[in-house]
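Please read the structure below before turning to the comments.
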Amino acid sequence: MRPLAAVALAFVLVLSGCKDREAEAAAQAEALAAANEQAAAEAERAFDAAVTDGNWALAKAQGDILFAKWPGTEAADRVRPRYDEAKSKGEAENNARRVAALWTYQTQPVTGGNQVSAAIYGREPVDVDGSGAKPVRLIFRDHPDWGRSSYLVLPGGDFAKRCYGSCRVTVTVDDQPPKQMAANRPKTDEAIAMFIDDEKALWRLTRDADIIRIAFPTRDVGEKTVEFEVAGLDRAKMPGWD
């Protein structure tokens, strides 16, 4: 074979090999794209099922998976216009579960019946005596002998001495104007607690509220404010209060 012919043949073989590899690569890319579309379609069906069930938190999660794994697919394009609604409602559901879990409820047998209570810790710990931040609780209680009451409980320190008779706390609901409410610290060493005298009014303030801030005077570090995320209160747990 002449040298020129051999070179030409080699070139043809190389060209043929390149075309084969290109075709193989194209076929692999096509197969991968098809597999991605199929997987994305399954994720889309899961998204649709969650939306149909009204499970917005799950719908958001399915949408997140779809966009993370198969962002450029036709299924992702179909889901994207509906995702914002699912995300908004899903986040609202997750937050509703979170704030509901902040409350604890107890029923205890006592003389004359049962004592029932609903309690919540402040959003952030607060330093009430100079020893460092600690959690403060707000409690609503119904006792067969003592009646209904609402009070703050400190983990340490104490309320201002003037509260042993009567003092006032400042209560603010969301962005509404603050209210002054009468309070008192009972003369007992059993607990560091201060009652907010009008428990019915305080209970009413929790309705439709997200945040209640209560500012109170302490013995050691002046006035302190605690925020309570009250939106998750299950009012049915305290029968007769509404």
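Every number in this text was worked out from the coordinates using simple rules, so none of it is lab data. From a predicted model like this one, the values you see are computed outputs, not experimental measurements. Positions of Cβ are backbone-derived with ideal geometry, glycine not excepted, and every protein chain shown enters the neighbour counts.
In the chain, helical runs assigned H by DSSP with n ≥ 4 each contribute -39500 (n - 2.57); averaged across all residues and rounded to the nearest 500, the mean residue ellipticity at 222 nm is -14500 deg cm²/dmol. Qualifying trypsin sites (Lys or Arg not before Pro) in region 131-194, where qualification requires a DSSP coil assignment and no more than 11 other C-beta atoms within 10 Å, comprise 187.
Normalised by the number of residues in the chain, the mean separation of alpha-carbon contacts (under 8 Å, six or more apart) gives a relative contact order of 15 percent. Using bins of 10 Å that start at zero, the share of Cα-Cα pairs per bin across region 164-238 amounts to 17, 49, 29, 5, in whole %.
Between residue 104 and residue 78, what FRET efficiency follows from the Cβ-Cβ distance if R0 is 45 Å, with the result rounded to 0.05? About 0.55, to the nearest 0.05.
Charge tally for residue 199 (other residues, Cβ to Cβ under 11 Å; Lys, Arg +1; Asp, Glu -1): +1. In plain terms, the chain from residue 176 to residue 227 could stretch by 16.9 nm, reckoned as 0.36 nm per residue minus the Cα-Cα distance. The relative contact order of region 190-242 comes to 30 percent, based on Cα pairs under 8 Å that sit 6 or more residues apart. The average projected area of region 148-191, computed from the convex hull of its Cα atoms over all directions, is 4.1 nm².
Mean separation of Cα pairs under 8 Å and 6 or more residues apart, divided by the residue count, gives region 112-242 a relative contact order of 26 percent.
Computing semi-axes √(5λ) of the Cα gyration tensor in Å directly from the structure and comparing it against (1) 27, 21, 17; (2) 41, 14, 14; (3) 68, 22, 14 singles out (3).
What the Cα atoms of region 106-242 give is an Rg and a Dmax of 14.5, 42 Å. Stokes-Einstein diffusion for region 72-173, with the hydrodynamic radius set to the Kirkwood value over Cα pairs and evaluated at 37 °C in a medium of 0.692 mPa s, equals 183 µm²/s. Quick one: in region 65-122, what % of C-alpha pairs are over 19 Å apart? When every Cα pair of region 65-122 is considered, 59 percent fall beyond 19 Å.
Scattering from region 197-240 was approximated by placing one identical point on each alpha carbon and applying the Debye formula without solvent; log10 I(q)/I(0) at 0.20, 0.21 1/Å stands at -0.74, -0.79. Net charge of the neighbourhood of residue 167, taken over other residues with C-beta under 13 Å away and scored Lys/Arg +1, Asp/Glu -1, is +2.
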